[in-house]
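Notes for the one structure printed next.
The values are calculated or read from the model by the stated rules, or taken from the named source; none is laboratory data. Here the structure is a predicted model, which means the values were calculated and not measured. All Cβ positions, glycine included, derive from the backbone under ideal geometry; neighbour counts span all protein chains shown. Please note that ligands, DNA and RNA were not included when accessible areas were found on the heavy atoms of the full protein model with its side chains. Shrake-Rupley method; radii C 1.70, N 1.55, O 1.52, S 1.80 Å.
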Amino acid sequence: MKYILFFLIGFLLLVTSALHAQFKEKPIINLENEDKAFLNWGYFLGFNQYDFKFEYKNDLDDVLVDKSIGFNVGLIGEMRINEFLDLRFEPGLFYTNRTLGYKGFANESDALREVKSTYINFPLLLKISARRFGNWKPYIIGGASASLNLGSNEDSLDDNSSGTFRMTKTLYNWEIGFGIDFYTEYFKFSPSIRGIFALSNELVPDNDPDSPWTGNIDAMKTRGIFVNFTFE
């Protein structure tokens, strides 16, 4: 979480500096026709922090989630609708690691489950931009996505009784975020922050319906936060 806070502070300082520069003097307009093309391309790099939201059948001890920082990389395809609207497709690779902690076990090997996930994410997003101010332009972005989890273990015959935590291969999400386009002399740079919220249950229950690991979980849904740096 401290990395997210560090980014937000830096993000606000960057915005403040840009605003000051815009109103201090008349800026030289960079890449004046950048957004007028029907199709635009780019790529993004960034980091993430994934979590789980649990829904329980009975009021028992919650599953604890120890989150870590992962990384993102992907491509961008953008189709211009008008001056303020763009349709974006952003296929990307997202790596994350979460550790689940269960109470009531004497052995650490039973109480902890490491969940390593590599998601290939396919989001279709609508970008809504404000009017361009000099060399910067704020926007909000949102839409739906489907993700393929390469580390799901869904087809494994082993379950938690053998130390294997299983999840579904495919999940569906909605995403929402905001960012700012900065127009440099040679390219458009866009820092952004976005939340992702799964719509589908990601848990594959253990073979035993009374399993101490999955028996009380009604649904387990991914949620997370992304910080991306886009270059177009």
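Computing the accessible area with a 1.4 Å probe over protein heavy atoms, can you report the carbon and sulfur percentage for the range 89-210?
60
Whole-Hz Karplus ³J(HN,Hα) for the range 160-166, in order, using 6.51 cos²θ - 1.76 cosθ + 1.60 and θ = phi - 60°, x for Gly and Pro?
Ordered by residue, 3J(HN,Hα) equals 4, 5, 10, x, 10, 8, 10 Hz.
Work out how much length Arg223 to Leu39 would gain on full extension: take 0.36 nm times their residue separation and subtract the Cα-Cα distance, in nm to one decimal.
63.2 nm
Using +1 at the Cβ of each Lys and Arg and -1 at the Cβ of each Asp and Glu in the range 96-139, identify which of Leu112, Tyr102, Asn135 lies farthest towards the dipole's positive end.
Farthest towards the positive pole: Asn135.
Would you mind getting me the FRET efficiency between Ile28 and Phe71? Use the beta-carbon distance for r and R0 = 35 Å, nearest 0.05.
Efficiency for this residue pair is about 0.50.
Kindly express, to the nearest 10 degrees and within the range 0 to 90, the angle between helix 2-24's C-alpha long axis and the longest C-alpha principal axis of the chain.
10
How large is the charge dipole for the chain, taken about the Cα centre, if only the Cβ atoms of Lys, Arg (+1) and Asp, Glu (-1) carry charge, to the nearest 20 debye?
With only Lys, Arg, Asp and Glu charged at Cβ, the dipole is about 1100 debye.
Could you work out how far apart the two model spin labels at Phe187 and Met79 are, taking each label as a point 7 Å from the Cα in the direction of the beta carbon, and quote it in nm?
2.5
What pairs in Lys127/Lys221; Lys57/Lys116; Lys127/Lys169; Lys57/Lys221 have C-alpha atoms more than 21 Å from each other?
From the list (Lys127/Lys221; Lys57/Lys116; Lys127/Lys169; Lys57/Lys221), the Cα-Cα distance tops 21 Å for Lys127/Lys221; Lys57/Lys116; Lys127/Lys169.
Extending each Cα 7 Å along its Cβ direction at Asp208 and Leu87, get the distance between those two points in nm, one decimal.
5.1
Could you pull out the chymotrypsin sites (Phe, Trp or Tyr not before Pro) across the range 132-232 that fall in loop regions by DSSP (anything but H, G, I, E, B) with no more than 10 other Cβ atoms inside 10 Å?
Listed in order of number, the matching sites are Tyr186.
Compute the accessible area per residue over the chain, keeping the other protein chains in place, probe 1.4 Å, unit Å².
Per-residue accessible area for the chain comes out at 54 Å².
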